[in-house]
1. Rounding to the nearest 20 debye, state how big the charge dipole of the chain is about its Cα centre with +1 on each Lys and Arg Cβ and -1 on each Asp and Glu Cβ.
2. Please compute the net charge surrounding residue 247, taking Lys and Arg as +1 and Asp and Glu as -1 over other residues with Cβ under 12 Å from its Cβ.
3. State the answer as a single residue: which of 356, 142, 123 lies farthest towards the positive end of the charge dipole of the chain, with beta carbon charges of +1 for Lys and Arg and -1 for Asp and Glu, about the Cα centre.
4. What is the Cα centroid distance between the range 184-214 and the range 235-303, reported in whole angstrom?
5. What number, rounded to the nearest 500 deg cm²/dmol, is the helix-based mean residue ellipticity at 222 nm of the chain, given -39500 (n - 2.57) per DSSP H run of at least four residues and division by all its residues?
6. Taking every DSSP beta bridge with both residues inside the chain, roughly what % is antiparallel (nearest 5)?
7. Over what distance in Å are the Cα centres of the range 94-172 and the range 305-322 separated?
8. First select every other residue whose beta carbon is under 13 angstrom from the beta carbon of residue 267; then total the charges, Lys and Arg +1, Asp and Glu -1.
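Readers should treat all values here as calculations from the given coordinates under stated rules, not as data from a laboratory. Remember, it's a predicted structure, so these values are computed and weren't measured experimentally. Note that we place each Cβ from the backbone using ideal geometry, even for glycine, and neighbour counts take in every protein chain shown.
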Amino acid sequence: MTTPPAKRQPRRPYRPPADDKPRRAAYDVLVAVREKDAYANLVLPGLLRERGISGRDAALATELAYGALRGQGLYDAVLQACVDRPLAEVDPPVLDVLRLGAHQLLRTRIPQHAAVSATVDLARRVVSAGPVGFVNAVLRKVAAHDLAAWVAQLAPTDDRLAALALEHSHPRWIASAFRDALGGDLWQTGAALAADDTRPEVHLVARRLPRDELVSASGGTPGPWSPYAVRLAEGDPGAIPAVQSGAAGVQDEGSQLVAAALATAPLDGPDRVWVDLCAGPGGKAALLDVLASERGATLVALEAQHHRARLVRRSGIAAVATTDSRTPPLRPGSADRVLLDAPCSGLGALRRRPEARWRRQPADLPGLTRLQGQLLAAGVELLRPGGVLAYITCSPHLAETVVPVGDALRRHPELEQVDARPLLPGVPDLGDGPSVQLWPHLHGTDAMFLALLRRRA
């Protein structure tokens with residue numbers, strides 16, 4: 001007697017797992033950056049708070065969002081090798097999902113099967129069931145090689161700089177600017193690009209409390225160079241009471257160093273009026289305000305944009321004016337110290353602004369350098385004989401650093417350049433002077449540039 005065949009169970013419909021909050025948050029950040037030109041470092045913190053994502057989930061969301069944005073150029077090259085049509089023809093939401101998947105496969109310790117499965121589930125939720133098979137097939141092709149093998153396969157063999165740019169996911173023109181600023185040294189260029197392509201520590205500044213207290217309250221470690229700096233490997237700085245009260249703040253140690261250098265530069269004559277020409281959003285101004293008060297001086301903060309001026313006022317500075325700093329409402333020759341943290345390309349802070357490297361273009365530079373020259377001229381006009389001006393940019397691009405300083409010295413024979421290196425005591429690898437260029441790979445800071453100019457008495 002034969003056994004009757006078992007009845008086939010009806011096929012159960014697919015039931016997606018519980019919502020993957022970290023990956024959904026990372027995806028939503030990528031969408032905001034793409035559709036609204038948003039800044040990831042501004043979008044993500046609010047999104048995490050709004051959705052109640054904390055701890056390991058918040059860390060994962062941050063790693064995925066920032067990592068996918070930072071590595072976009074490299075991941076797009078890998079994805080293009082796995083897709084049979086131009087990436088421009090792939091629906092943007094699907095491409096966002098693929099970039100998140102590529103980051104998990106190539107630069108995290110997430111197991112391959114988990115990375116593919118979770119990304120496919122994300123695609124099913126945020127796009128539709130249609131492209132799910134496509135996403136699955138492409139990611140399995142990506143997983144066929146590790147990152148080193150993909151770089152070896154895709155990097156050009158006849159252009160070492162382009163190969164470094166691909167490996168560390170930078171546009172070639174930015175890699176070229178770094179190389180020029182590093183004197184043509186390709187080893188240093190590769191190290192700078194690699195440091196730029198990693199997750200940075202959070203830096204705090206102790207403004208109105210001893211640094212030791214901030215170290216204890218934050219669980220961080222003292223910064224190696226600035227006497228006000230504390231570095232955090234992880235954690236939410238916004239949850240620290242001293243940061244909430246304004247006694248401390250979030251500020252890169254390089255920014256602290258260049259602001260403090262202006263405050264300690266020797267002067268000829270009185271030291272009563274300090275001016276910050278481009279004060280928004282207020283980080284350097286807040287530190288200078290504390291240092292000025294300790295000496296009985298007054299800081300006047302100028303900012304052209306209303307929303308940035310509001311941020312400066314929130315930092316506790318009393319004298320804030322919303323004005324075009326190219327025509328400042330101050331008497332010529334009335335300032336003892338002038339800080340010009342000039343609007344720039346921001347190429348020195350790409351590790352903190354992961355989408356910026358793909359947003360900036362070489363065509364942006366002429367307008368920025370013209371503005372930098374105009375602001376420098378206004379700052380020189382404000383400076384009294386014997387006073388000192390600090391010209392600062394968060395960029396190592398020579399067109400934004402030594403070139404405008406050289407132009408200012410030629411146009412204003414009453415100026416002389418002061419060697420800035422002694423005003424950053426203990427900081428190594430500052431070059432031949434008289435200006436200073438900081439680097440992520442050498443100093444663990446943003447790539448801040450500083451030149452000090454004194455008006456001859």
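1. It works out to roughly 1540 debye.
2. That sum, taken over residues with Cβ under 12 Å, equals +2.
3. 123
4. About 19 Å separates the Cα centre of the range 184-214 from the one of the range 235-303.
5. -14000 deg cm²/dmol
6. 55 percent
7. 43 Å
8. +4
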